Amino acid sequence: MWHANFVHLHVHTEYSLLDGACRISELVAQAKKHKMPALAITDHGVMYGAIQFYKEAIRQGVKPIIGCEMYVAHQSRLDRSSQRKETPHHLILLVKNNEGYKNLIKLVTLSYLEGFYYKPRIDKEILREHSNGLIALSACLKGEIPQCILQKNIKKAKEVALDFLDIFGEDNFYLELQKNGIPEQEIVNENLIEISQELSIPLVATNDIHYINKEDARAHEILLCIQTATNLSDPKRLKFSTDAFYFNSPEEMKENFSKVPQALENTIRIAEKCNLEIDFRHAHLPEFKVPAEHNINTYLKELCYKGLNERYSEITEQLEERLEYELSVIKKMEFEPYFLIVWDFVRYAKEKGIMVGPGRGSAAGSLVAYCLNITNIDPIAYGLLFERFLNPERISMPDFDIDFCYERREEVIDYVSKKYGNDKVAQIITFGTMAASCCRHSSFSKATD
């Protein structure tokens, strides 16, 4: 049992794009500063920051709780009629275990592939199918239950609460209280407490964090202006009505919820139930099928020596030693399938006349990659180091930076998807960041001369 009285479970990081202003490292450090044993991440509709957050929390000795603030369609996620341009309800989902993590990934994926309509939406149909291993909180004022309360439909609010209780099960659904200075929130809180008592659904206290320090509220306003293409002088701009959406200390939360201490205690109970463990020690690669007369080691070695004889007119002892060394490291780290998979789709592209770049980055230091025609730069001639690409002391996947003709890259993606399965292929995202420019005028003039 932890000797703590509160954990933040409703938190938006910088991956709630142009809405959250919390950098992950600073956010986790704040939790550690306040001796919080755990911390959640619940970005809007996405899990972009989940792995970075998980690793950073583990590094700083804080238990990571992976979650998401989902958008829930009023009816079906499949309804995209122009007459139903309604604001979806919010719902906080937190991961308890590995099954819950897989279910949350599935829900977020379906929210984009099937439910996207202005926002990535799910519905109660798929919530029922993928609720195992998840804890749900009723969310902010935009949650379905708070909305029913504000519409003075308490009967409906109770029905929705019981519906969520049925979906997630006892001890896996909580009514969420917040203290943010918004008058409507006080009305919602009063009714949630009454509903909790009547239906025996537990309460939980959160603070819907969007920035770390109270004085960051102004910067957050600017962020919202960027999101909505407005400026601070626009009286109609999107803005939060108070500056309370910051990382409250346990003492502040205790003061705010002194009348309902069980709502604070339940944050600890929830955190204790969330025990996701992600294993980064092993690579989970698709199976590469080799010819019957080979195993994966002998096949890779045969291809490499074939390429070595094609690349060099004279096979020196130095070349053989280097190749054998690289192959031994690849075997030790069990990356043979990875090299063969990359060799396979690069070979396919070249056979189909799709332009492939010569290779860049640290991969150019690999003689194996050069012999497999993955790269086209001789690492021996240029004295390039294999260890910059793959180091047995650093357990991480090597990274091939391969450029394909942008007009035909989809052909390569289709080939890989069909051969190894759609569930083994994913495209990655790149995030642009905003930073202040500190260039002096003289430097700028010199750079543009």
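The values are calculated or read from the model by the stated rules, or taken from the named source; none is laboratory data. Since the structure is predicted, the reported quantities are computational estimates derived from the model, not experimental observations. In this analysis, Cβ positions are derived from the backbone assuming ideal geometry, glycine residues included, and neighbour counts consider all displayed protein chains.
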Exercise. With Leu150, Leu224, Leu165 as the choices, which residue is buried (at least 17 other Cβ atoms within 10 Å of the Cβ) and either at positive phi or at pLDDT 95 or above (or both)?
Worked result: Leu165
Problem set entry | Residue count for the range 16-54, restricted to those that are in a helix (DSSP H, G or I) and within 19 Å of Lys273 (Cα to Cα) | 4
Problem set entry | Residue among Arg77, Arg59 that is assigned to a helix (DSSP H, G or I) and either at negative phi or in contact with a strand residue (DSSP E or B) (Cβ under 8 Å, 6 or more places away or on another chain) (or both) | Arg59
Exercise. Which residue pairs have Cβ atoms closer than 8 Å, lie 6 or more positions apart in sequence or on different chains, and pair a first residue in the range 180-192 that is touching a residue at least 12 places away in the same chain (Cβ under 8 Å) with a second residue that is surrounded by fewer than 13 Cβ atoms within 10 Å (Cβ to Cβ)?
Worked result: Asn180/Thr242; Gly181/Ser241; Gly181/Thr242; Ile182/Ser241; Ile182/Thr242
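Per-residue answers, yes or no, for (1) more than 27 Å from Ser25 (Cα to Cα); (2) crowded, with 24+ Cβ neighbours inside 10 Å:
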site	(1), (2)
His44	no, no
Met70	no, yes
Ala73	yes, no
Leu78	yes, no
Leu94	no, yes
Thr109	no, no
Phe116	yes, no
Leu127	yes, no
Exercise. If we scan the range 360-375, do we find a residue that is touching a Ser or Thr at 6+ places or on another chain (Cβ under 9 Å) and farther than 21 Å from Ala283 by Cβ?
Worked result: yes
For this session: Determine whether the range 89-96 contains at least one residue that is part of a loop (DSSP other than H, G, I, E, B) and either within 16 Å of the chain's Cα centre (by Cα) or among the acidic types (Asp, Glu) (or both).
Result: no
Exercise. What do you reckon, is Lys350 part of a helix (DSSP H, G or I) and either in contact with a Leu (Cβ under 7 Å, 6 or more places away or on another chain) or without any contact (Cβ under 8 Å) to a residue 40 or more places away in the chain (or both)?
Worked result: yes
Exercise. How many residues are surrounded by 12 or more Cβ atoms within 10 Å (Cβ to Cβ) and part of a helix (DSSP H, G or I) if we restrict to the range 202-217?
Worked result: 3
Exercise. (1) in a loop (DSSP other than H, G, I, E, B); (2) over 30 Å from Phe53 (Cβ atoms); (3) free of Cβ contacts under 8 Å to residues at least 12 places away in the same chain: which one isn't true of Thr298, the others all being true?
Worked result: (1)
